[in-house]
1. Name the most mobile residue of 160, 189, 249, meaning the one with the largest mean-square fluctuation, in a Gaussian network model of the chain with Cα contacts below 10 Å.
2. Can you sort 199, 236 from fewest to most other Cβ atoms within 10 Å of each residue's own Cβ?
3. Could you tell me what a quarter of the Cα convex hull surface of the range 184-299 works out to, in nm² with one decimal place?
4. Can you compute the charge dipole magnitude of the chain about its Cα centre, using +1 on each Lys and Arg Cβ and -1 on each Asp and Glu Cβ, nothing else charged? Give it in debye, rounded to the nearest 20.
5. Does anything in the range 102-146 have its amide N under 16 Å from the 7 Å Cα→Cβ label point of residue 71, and if so which residues?
6. Give the shape of the chain as rounded, prolate or oblate, defined through the alpha-carbon gyration tensor: a ≥ b ≥ c are the square roots of its eigenvalues, a/c under 1.5 means rounded, and otherwise the shape is prolate if a/b is larger than b/c and oblate if not.
7. Per 0.36 nm of contour for each residue apart, how much would the distance between residue 221 and residue 79 grow if the chain were fully extended, relative to their Cα-Cα spacing?
8. Express in nm, to one decimal, how much length is gained between residue 177 and residue 256 on full extension, taking 0.36 nm for each residue of separation and deducting their alpha carbon distance.
Amino acid sequence: MEIQIERKKDGFAGEIYIVLPTEAFSEYAEHPLVRRLYLTDAGFFPHAAHHYRERSEGLEEYIFLCCTSGRGMVEIDGQTYPLAENEVFCIPRLCKHRYWADEEDPWSLLWVHFKGEDCRYYPLDSLRVYRFAAAETVQRMEFLFNLLFHTLEQDYTLGNFIYLSQLLALILGETYAHRQETGTTALQNRQVTRAVRFMYRHIGQDLTLAELSQAVGLSQSSLSAVFKQCTGHAPMDFFTRLKMKEACNLLRSGREYIYEVAQHLGYRDPYYFSRAFKKVVGVSPRDYQKGSQEFPDSQKLNVASWNGTFVQN
């Protein structure tokens, strides 16, 4: 990997090592957009031969290690975790540890120390090595670290502290939100993703469960079971809710009559559409259009427990 920031070469050739003066800017650390994820140190150690760190009592901060080439080892409470190219490991706070570069093929290491309120939302205590399988993810990670180093070299302003917090969130997001799952859960997520995308592409049609099952390549009973487990809804109930959410958008725009909205979503009978709309949303299309309400929280699609991803297209 090539880091584009030039720094004084105090240790390893091409080393980047930056420490934030946290005590002098403690008021920034209390800002709502900074205290969520607060970076304290960051660096890049290229081809770090004989690199070794040991802390018998750990640190107050989490230590995020991203190996960009070579390999090394992390040891926590006697358990070792090999770290190789395009792999990431997080050392939990207040945890006895040591880590070192391989003697024959020393690692190049991007790293940050951080803490904050949002740390609990990431699996930072999992003691697990994560690998970036996609080249695009590695490129984004390198880009984010370059932005991080560039910002750290700028003035100590509140805006830059906020930006650093946001960059750190993106780095953690690239690592943990995009991790590849395996096994049954991953397969189910892919199946549901394909089904939901098919629904979006045919939202103006009177789609049947048989057509949806054929498109996904599952039996109707298997698709229903997977869909219920991942989303909390039966497939066609989910499809109806997607239609009603789109109906809300169209009604709020005010550019179409109710019967036109019904036709747009594949309902030939506007009265049947109105009954379906009221059942999901709680009010009639006409009352909704007059009030320009939001899609009610109580009727929002339940996808919180689903780890898959879908896009509307």
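1. The residue with the greatest mean-square fluctuation here is 249.
2. Details: 199 22, 236 15.
If I rank by nearby Cβ atoms, fewest first, I get 236, 199.
3. Values: hull surface 28.6 nm².
Computed as one quarter of the Cα hull surface, the answer is 7.1 nm².
4. Values: 34 positive and 39 negative charges, 400 e Å.
The calculated dipole for the chain is roughly 1920 debye.
5. Within reach of a label on residue 71: 102-109, 129-132.
6. Numbers: a/c = 3.00, a/b = 2.06, b/c = 1.46.
In terms of gyration-tensor shape, prolate.
7. Working: separation 142, 0.36 × 142 = 51.12 nm, distance 4.49 nm.
So the extension gain works out to 46.6 nm.
8. Working: separation 79, 0.36 × 79 = 28.44 nm, distance 3.88 nm.
Here the answer is 24.6 nm.
Computed from the coordinates by the stated procedures, all read-outs in this text should not be read as laboratory data. As the structure is a prediction and not an experimental result, all values here were calculated from the model. Note that we place each Cβ from the backbone using ideal geometry, even for glycine, and neighbour counts take in every protein chain shown.
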